Amino acid sequence: MLDRIREAVSKFTSKKKIDKRDLEELIKEIQRALILGDVNIKIVFEISEEIKKKIFEEKPENISLRDYTIKTIYEVLTKYLGKGDKTLELKKQKILLVGLYGTGKTTTAAKLGNYFKKRGLSVCLVCADVHRAGAYHQLKQLAEKIGVGFYGQENEKKVINILKKALQECKEDVIIVDSAGRDNVNEDLLKEIKEIHENINPDEILLVISADIGSIAKDVVEKFKETLPITGIIITKMDTSAKAGGALVSSYLTNAPILFIGTGEKIEDFEKFDSKRFVSRLLGMGDLETLLEKVKELEEEQKTIKEMIEKGEYNMYVFYEQLKATQKMGSFQKIMEMIPGMNMLGVKKEEIEEQEEKVKKWKYIFDSMTKEERLHPEIINSSRIARIAKGSGTKEEDVREMLKAYKMSEKIFKGMKSGKLLKDPRMKKILKMLPKDKIQGIM
Ligand code: GDP
Ligand code: MG
C-alpha cells in the first residue's frame, strides 16, 4: 500500500505540467492503494472525497496546484492514517491493554514496560489473562527478562480477584495490565474487559491491533470503542504486513492517537509512532517539511490579501490580485477596452495581447519582490529595480513599467474609493458586467 502511494505521488510530482486529469489519476491511484492496503471501502471513499473537495473547491489561487495537492494529501492521510503526536506521560499510572487474541498484547506489555523502565520508572506487569494456558508464564518470563516486577496468580480463574490483589500488592510507578483476547470480538470478551476496566480504573486504555488485521479492522475497532474509552492505539507486526491500512485507520475511528508500532518479535522492536514522519515517508518526499511551510505561508498571505482588500488598502499584493482576477474573467480584452484607467496606461486595442504577455512577466517581477516591497512599493528605488529585474530575469524597464501600471491602478482605486470614478457612465457599465464577488474588494 505504502509503495503504491509513494509511486503515484512521485509520478505526479515529476510531471512538468499538471492538469485536472493528472490529479484525478493520482486520487484514483491513492484509492486503489488504500483499498489494496485493506482500508475499509467506506473510509477510502471518505478520504478521496475529502481530498477532492479540498483541492477543487478550496485551493487558494496563489499556491501551485502541485504544492497544494501534496499538502492536502499529506493532511488528509495524516488525519485518517493516524494522529501520532501524543506520547505517554512519564508518571505514575495504570495502563490497560486490550485487543484480540494473538495480536501481540503480551509482547507489547513487555515492550511498553521496557520503554518506561528505560526512562527511569519502576514497572509491574500484571497478567489478567485467565483463559489461555501459558499466559501467566509467558508474561512472567518477559518481566524477568527485562527486569521489571510481575504479578499474577496461576490458578485463579476470576480475573477480578487477581486485579484486586494486584492493585494492593504492586507498588511500582507504572502498572501494565495484560488482558485476555478472543478470536473475534464477542459479548464474552467485551463483558470481561468492561469489568476489568471498572475495577482498575486505568489512566490509559490502549487498543493493541495487528497490522495484518485487514478490512475487518473497522468492525473490531468500533466494538471496542463502544465498550471502552480507548485512549491510544498500538499497532503490532508492522514488519510483517504491507497492508497496514486497516489498522492505521483505527486511530481515526477511535479518535485516539497511535502511540507505538511494533516492528518485530524482540523487545527492542518497538518505536514511537510519528505520524508526520510516517506520512512523509509514505509520500516519499524528503523535502515535505519545506513544502508544507511554504504552502502555509502562502495560505496566510492569501488571507492577508483578502483582509487588505476588505479594509480598502492598496499595495502590490492587491494590484497583483486584481490583475489575476481580470485575467480570469476571460473577457479581458473587452474590459481592457472599457476601463478608462487602462486607456490612461496608453494601452491600445492592438496591444492587448502584448499586455497579457506582460502580465506573465509581471508575475515573475512580483515573485522577485520582497514582502516589504510588495506592501510599500514606494520604497522601490533604482537599485531595488536592478535587483528585481535580475532576480526575475526581466529588464529594468519591465520593472519600471509594472510600477507605472501599479501607480495608475492605485490612482483608479483611490478614485473609486472616493466615488469619483463610479459616476463615470463607462465605469458603471463595466461594474455591471463583473461578478459581484470580484468587485466587492475593489469598491
Ligand atoms: P497476544 O495473544 O495478543 O498476547 O499476543 P502475543 O504477545 O502472545 O504475540 C503473538 C505472536 O506475535 C508472538 O509470536 C509474538 O512474538 C508475535 N509478535 C508480537 N508483536 C510482534 C511484532 O511487532 N512483530 C512480529 N513480527 N511479531 C510480533
Ligand atoms: Mg497474551
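Evaluating kT/(6 pi eta Rh) at 20 °C and 1.002 mPa s, with the Kirkwood radius of the stretch 1-127 over Cα pairs in the Stokes-Einstein relation, gives 121 µm² s⁻¹.
Once the Cα atoms are used to define both axes, helix 20-36 deviates from the longest principal axis of the chain by about 0 degrees. Structure remark: mean-square fluctuation, Gaussian network model of the chain, C-alpha springs under 10 Å; the largest value among 33, 166, 389 belongs to 389.
If you put +1 on each Lys and Arg Cβ and -1 on each Asp and Glu Cβ, how big is the dipole of the chain around its Cα centre, in Debye rounded to 20? Present the calculation step by step, with values, prior to reporting the outcome.
Details: 83 positive and 73 negative charges, 311 e Å.
Dipole size: approximately 1500 debye.
Mind running the shape call on the stretch 72-207? Use the C-alpha gyration tensor, a ≥ b ≥ c as the square roots of the eigenvalues: rounded below 1.5 for a/c, prolate if a/b tops b/c, oblate otherwise. Cα axes put the stretch 72-207 in the oblate bin.
Local charge for residue 44 was computed over the other residues whose Cβ lies under 14 Å away, with Lys and Arg +1 and Asp and Glu -1, and equals +3.
Taking amide H as placed 1.01 Å from N in the peptide plane, the amide H of residue 174 sits under 5 Å from that of 93, 122, 123, 124, each at least 5 places away or on another chain. Which residue, 312, 270, 416, has the largest displacement toward the positive end of the dipole of the chain when charges sit on each Cβ (Lys, Arg +1; Asp, Glu -1)? Toward the positive end, the furthest listed residue is 416. With both residues required to sit in the chain, DSSP beta bridges show an antiparallel share near 10%. With all protein chains kept in place, the per residue accessible area of the stretch 57-192 amounts to 45 square angstrom at a probe of 1.4 angstrom. A dipole drawn for the stretch 5-112 from +1 and -1 charges on Cβ atoms has a positive end, and of 5, 101, 48 the residue lying farthest that way is 101. Rolling a 1.4 Å probe over the protein heavy atoms leaves residue 277 with an accessible area of roughly 130 Å². The stretch between residue 52 and residue 386, if pulled fully straight at 0.36 nm per residue, gains 116.0 nm over its current Cα-Cα span.
Only protein atoms count toward the accessible area here, which uses a 1.4 Å probe; on the stretch 181-256, the carbon and sulfur part of that area reaches 42 percent.
Amide hydrogen proximity for residue 210: with H placed 1.01 Å from N in the peptide plane, the residues at 5 or more positions away or on another chain lying under 5 Å are 236. A Cβ-based charge dipole, computed about the Cα centre of the stretch 1-88 with Lys and Arg at +1 and Asp and Glu at -1, lands at about 180 debye. Dipole of the stretch 105-230 computed with +1 at Lys/Arg Cβ and -1 at Asp/Glu Cβ about the Cα centre; of 166, 130, 201, farthest Cα towards the positive end is 166. Against the main long axis of the alpha-carbon atoms of the chain, helix 2-13 sits at an angle near 10°. Its Cα gyration tensor gives the chain an equivalent ellipsoid. The semi-axes, each the square root of 5 times an eigenvalue, are 63, 21, 19 Å from largest down.
For the stretch 241-286, GluC sites (Glu not before Pro) are listed when DSSP marks them as loop and at most 15 other Cβ atoms sit within 10 Å of their Cβ; the list is 265, 268.
In this Cβ point-charge picture (+1 for Lys and Arg, -1 for Asp and Glu), the stretch 189-271 has a dipole of about 320 debye about its Cα centre.
Identify all aspartates and glutamates with a Cα-Cα distance to residue 294 below 13 Å; exclude those on the same chain that are fewer than 8 residues away in sequence. Partners found: 67. Think of it as helices only: each DSSP H run of n ≥ 4 in the chain is worth -39500 (n - 2.57), and spread over all residues that comes to -18500 deg cm²/dmol at 222 nm.
Diffusion coefficient (Stokes-Einstein, Kirkwood radius over C-alpha pairs, 20 °C, 1.002 mPa s) for the stretch 133-275: 131 µm²/s, rounded to a whole number. In order along the stretch 159-173, the phi-based Karplus estimate (6.51 cos²θ - 1.76 cosθ + 1.60, θ = phi - 60°) of 3J(HN,Hα) comes to 4, 4, 4, 4, 5, 4, 5, 4, 5, 6, 7, 6, 9, 5, 5 Hz; Gly and Pro are listed as x. If you wrap the tightest convex hull around every Cα atom of the stretch 198-242 and split its volume per residue, you get 73 Å³. A Förster distance of 35 Å, applied to the separation of the beta-carbon atoms of residue 182 and residue 86, puts the FRET efficiency at 0.80. Of the solvent-accessible surface of the stretch 37-145, computed with a 1.4 Å probe and all protein chains present, 51% belongs to carbon and sulfur. Computed over the alpha carbons of the stretch 47-107, Rg followed by Dmax gives 18.8, 52 Å.
The values are calculated or read from the model by the stated rules, or taken from the named source; none is laboratory data. Owing to the predicted nature of the structure, the values given are computational and were not obtained by experimental measurement. Quick reminder, even Gly has a Cβ in these numbers, built from the backbone with ideal geometry, and neighbours come from all protein chains shown. With ligands, DNA and RNA removed, areas are computed over all heavy atoms of the protein, side chains included. Shrake-Rupley method; radii C 1.70, N 1.55, O 1.52, S 1.80 Å.
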